[in-house]
Amino acid sequence: MSQIVLSGIRATSRLQLGNFLGAVINFVKFQQPGNTCMYFIADLHSLTTMESPEEIRGNLTEIVKDYIAAGLDPEQSIIYAQSSIPEISELCLYLSMIQQVGELERIPTFKEKIKKNPDNVNLGLLTYPVLMAADILGPKATLVPVGEDQVPNVELARSLARKFNNRFGETFILPEMMTEMIRVPGLDGKKMSKSDADNAIELSMTIPVIRERYLKFGVTDIERKLRSDPGDPYKRCQSVYPVHELVTVGEIEIRAIANACLKAEIGCVECKHQLVDNIAKVLEPFQAARVEIVDKNDFVREVLHEGGKKARALIIETVKEVREKIGIVIY
Ligand code: ADP
Ligand code: TRP
């Protein structure tokens, strides 16, 4: 079945391994003939934490380079900046009229964000999922590849689509998610995140730096005190075995690592070395391609310009339909 595949990444900082394994690898996987793929940089969403203007602008173009180095082809995928399409913000406003505030306040990511930064609980933070729903529903996306943390936000987009359709007639498509979504732990075992420099493995880090970070900071099974103690890879290892499950190729190889840990045949240091060797296999081709486009800023601007035009043409059609249904006339 042909799909309209859509996803975005905030322009908050350079990409990390969680973005790559949880999101970008899947963007590339769905880039197939027959699918319309739309991948953007959510620069408006980045404003909820008000990064510096230089950073927003700089991160945006760097993430486009990451997309291309990872295998996205601007001839096959529409690559664009969210802010290039003002109709997304317009649609967000319309959707906000059928969205109850209480439901937004209960979303886990909102609760986490206000806990982290209680002095800046801005309205944009609360309406963040509504803007995300506009991103998704605007081009009538059928599939939204994201990491596990984004499930409540995509659920909210589905619920908004349902509410709008019930009230105004069939308009939006209910977007699906992938059957398996992942959560990549950072070095401390919490979700790896761009905003947490201490727990992240950035895609631009060299393999020796990645190795050093895992060896120094990677939290394993804290109850395994001695090398001769058996470890528990499944429940207690925080940051190493769970990543093996994601990057190490072959079910037999992965099980072998888990069993060796369970029987104390390998220690955590050796397990970390093996992990970094396997991360290298995933990252090295990306890093080599990334070097090739590091200076191609004109090309990136052109990609964004062309992608913005194509995405806007698709989204405008939906926004026209919505205006008509809710009674807004542009004179
Ligand atoms: P971050 O959380 O690093 O700031 P974003 O919120 O912009 O990154 O996320 C962009 C995409 O990457 C989303 O689809 C998100 O689910 C995915 N993602 C981010 N971190 C992880 C992670 N640790 N594990 C799996 N997916 C992740
Ligand atoms: N909220 C997403 C994140 O933080 C980024 C995002 C914005 C997104 N709009 C989207 C993802 C639409 C998928 C679809 O990761």
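The values are calculated or read from the model by the stated rules, or taken from the named source; none is laboratory data. No experiment lies behind these values; they were computed from the predicted model shown. Reconstructed Cβ throughout: ideal geometry from the backbone, glycine too, with neighbour counts over all protein chains shown. Areas reflect the complete protein model, heavy atoms only, side chains present, ligands, DNA and RNA absent. Shrake-Rupley method; radii C 1.70, N 1.55, O 1.52, S 1.80 Å.
Of the helices (runs of 4 or more DSSP H) contained entirely in the stretch 228-331, those carrying at least 1 residues that are open to solvent by less than 80 Å² (accessible area, probe 1.4 Å), in contact (Cβ under 8 Å) with a residue 60 or more places away in the chain and closer than 25 Å to residue 71 by Cβ fall at 241-247, 268-292, 297-326.
Could you please find all residues in the stretch 190-219 being among the small types (Gly, Ala, Ser), away from ligand 2 (no atom under 16 Å from the Cβ) and within 16 Å of residue 246 (Cβ to Cβ)?
218, the sole residue that qualifies.
All of (1) touching a residue at least 12 places away in the same chain (Cβ under 8 Å); (2) within 20 Å of residue 96 (Cβ to Cβ); (3) of a type in the set (Val, Ile, Thr) hold for residue 121 with one exception: (1). Within the stretch 152-189, how many residues are open to solvent by 40 Å² or more (accessible area, probe 1.4 Å), within 16 Å of ligand 2 (Cβ to nearest atom) and within 30 Å of residue 219 (Cα to Cα)? Of the residues in the stretch 152-189, 4 are open to solvent by 40 Å² or more (accessible area, probe 1.4 Å), within 16 Å of ligand 2 (Cβ to nearest atom) and within 30 Å of residue 219 (Cα to Cα). Here 23, 69 are screened, and the one residue that is open to solvent by 10 Å² or more (accessible area, probe 1.4 Å) and either within 10 Å of ligand 1 (Cβ to nearest atom) or closer than 26 Å to residue 119 by Cβ (or both) is 23.
Per this entry, residue 51 is not counted among residues that are open to solvent by 20 Å² or more (accessible area, probe 1.4 Å) and away from ligand 2 (no atom under 16 Å from the Cβ). A single entry from 200, 133 fulfils the requirement of being assigned by TED's automatic domain parsing to the domain that holds residue 13, of a type in the set (A, V, I, L, M) and buried (at least 19 other Cβ atoms within 10 Å of the Cβ): 133.
Residues considered: 24, 64. Of these, the only one that is over 25 Å from residue 160 (Cα atoms) and within 12 Å of ligand 2 (Cβ to nearest atom) is 24.
Within the set 180, 155, the sole residue that is among the acidic types (Asp, Glu) and either part of a loop (DSSP other than H, G, I, E, B) or closer than 17 Å to residue 247 by Cα (or both) turns out to be 180.
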